[in-house]
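Got a structure for you, written out below as structure tokens; questions coming shortly.
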Amino acid sequence: MGKKRVHLDNYKKENKQKVFNAILEAGKISRTNIAKQTSLSSASVTLIVDELINEKYIKEIGTSASTGGRSQKLLGVDRAMGRIISFLINDYYIFAGSVTASLEVENVVIRNIKHLPTEDILNVIVEVFNQFKKNSDIYSASIGVKSPEFFKNTRVSISTSVSADFITVDEALRFMLGVPVIIERGVNFAALGEAHNSIQKKNIYFLDLDGEIQLGGVPSLPVEHVAHMKVGDEGKICSCGKVGCLNTFVSSEKIIENLKSELKEPNLTWHLISEAYPDGSSNVSEAIHKVSHYLGKGIVNISTLLRPSLFILGGDISKLDKIFEEKVEQSVRNFGYYDLNDLEVRLSRTGKNAFFVGGAKMFLLNVFKL
Ligand SMILES: [Zn+2]
């Protein structure tokens, strides 16, 4: 008896999630279209929609223009749900953005955390969270890191009014923030955030070139080591001790490093590069073309296995323009099997917002299953 009950509850939760996700994805949608998209009966949709309205997850936000027939009430996410705070943590900074339930980024803050111990990083998260909390209700927190399992299971000493205890970061954050928390790979957030603004919704990959490069995707990818994929027999020795790793040619840090020494310009910045690059005759553009050559190789290696429909490049490199996109695509055509001829490569145009939107969306897409 008990077992069957659990099973039914899961089924109900799943349908509720399906309906909610259809609304989240569409922005505005009628009950009829929800039924079409979810393959649920209109009776089930009506029941679930009523429940979601009562619980303040969604609300009626207008009517569709009537085309002959009856105009229909449209449903959208209820912003009264509160904000979701998305954090992105790397070795140097915490970026945090408050995102509404309808996935608009409102405010962003950045904190330096270089060389801080984990306990102090958690305190920065709590401080930022509380700052956002002054202005609005916070529904949940999404935290994007490089290695979620490692981060979650790191043990920290947290002193409470009762005692000081060693607990995991995962437990500590839930306790300190008092809202549901998800901890995921930041690059998977970014891929989901990019997908939210694209026509393509699936098989999207996001290569973050800042720091040690990482690959994220929709659907989410587990931790990988794309940074050390071999794309040559030349170049500088990588942190892994070998030569020819993708990271030594295309990570933001290495691009600058290589350009500074090649061009003997110790003060080169991404800003200067992005200004000099479009002038095709400059020595900067020649050096950056080399980057596109290796990037193309890396993208081909990844895509031969994963078959993306859209490949997005994020990080400082996104300051470059259309010419660079075309160069990378050219390189993909040169190295790739003909099946990759229609693979679209694009520079991210949303900056860190892709991470914030993706973090919030990943939470919402699973809100009834967590
Ligand atoms: Zn390496």
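Give, in nm to one decimal, the length gained when the segment between Lys36 and Ala65 is fully stretched (0.36 nm per residue of separation minus the Cα-Cα distance). It would help to have the intermediate numbers written out before the result.
Numbers: separation 29, 0.36 × 29 = 10.44 nm, distance 1.87 nm.
That pair, Lys36 and Ala65, stretches by 8.6 nm at full extension.
Multiply the residue separation of Asn153 and Gln330 by 0.36 nm, subtract the distance between their alpha-carbon atoms, and state the gained length in nm to one decimal. List each step's numbers first, then the result.
Details: separation 177, 0.36 × 177 = 63.72 nm, distance 4.30 nm.
Using 0.36 nm per residue and subtracting the Cα-Cα distance, I get 59.4 nm.
Could you calculate the contour length gain from Lys114 to His271, that is, 0.36 nm times the residue separation minus the distance between their Cα atoms, to one decimal place in nm? Working shown, then result.
Numbers: separation 157, 0.36 × 157 = 56.52 nm, distance 2.31 nm.
Between Lys114 and His271, full extension yields an extra 54.2 nm.
Compute the acute angle (0 to 90°) between the alpha-carbon long axis of helix 118-133 and the principal axis of greatest extent of the alpha-carbon atoms of the chain; round to the nearest 10°.
50
On a straight-distance basis, which aspartates and glutamates could pair with Lys73 in a cross-link, Cα separation under 19 angstrom, same-chain partners fewer than 8 positions away excluded?
Qualifying aspartates and glutamates at Cα under 19 Å: Glu25, Asp50, Glu51, Glu55, Glu60.
Could you work out the relative contact order of the chain? I mean the mean sequence separation of Cα pairs under 8 Å and 6+ apart, divided by the number of residues, in percent. Each step should come with its number before you reach the end.
Numbers: 658 pairs, mean separation 58.5, N = 370.
Rounded, it is 16 percent for the chain.
Moving to a separate point now. Angle, helix 42-54 long axis vs. longest principal axis of the chain, Cα atoms, 0 to 90°, nearest 10?
Result, in degrees: 80.
Would you calculate, for the chain, the mean residue ellipticity at 222 nm contributed by helices, counting each DSSP H stretch of 4 or more residues as -39,500 (n - 2.57) and dividing by all residues, to the nearest 500?
So the helix-based figure for the chain works out to -14000 deg cm²/dmol.
With the contact rule set at Cα under 8 Å and sequence spacing of 6 or more, what percent relative contact order holds for region 200-349? Let's see the in-between values first.
Values: 241 pairs, mean separation 36.6, N = 150.
Here the relative contact order equals 24 percent.
Now for a different question. Helix 186-196 versus the longest principal axis of the chain: what angle, 0 to 90°, nearest 10, using Cα atoms?
70
Every number in this text was worked out from the coordinates using simple rules, so none of it is lab data. Just so you know, these numbers come straight off a predicted model, no measurement behind them.
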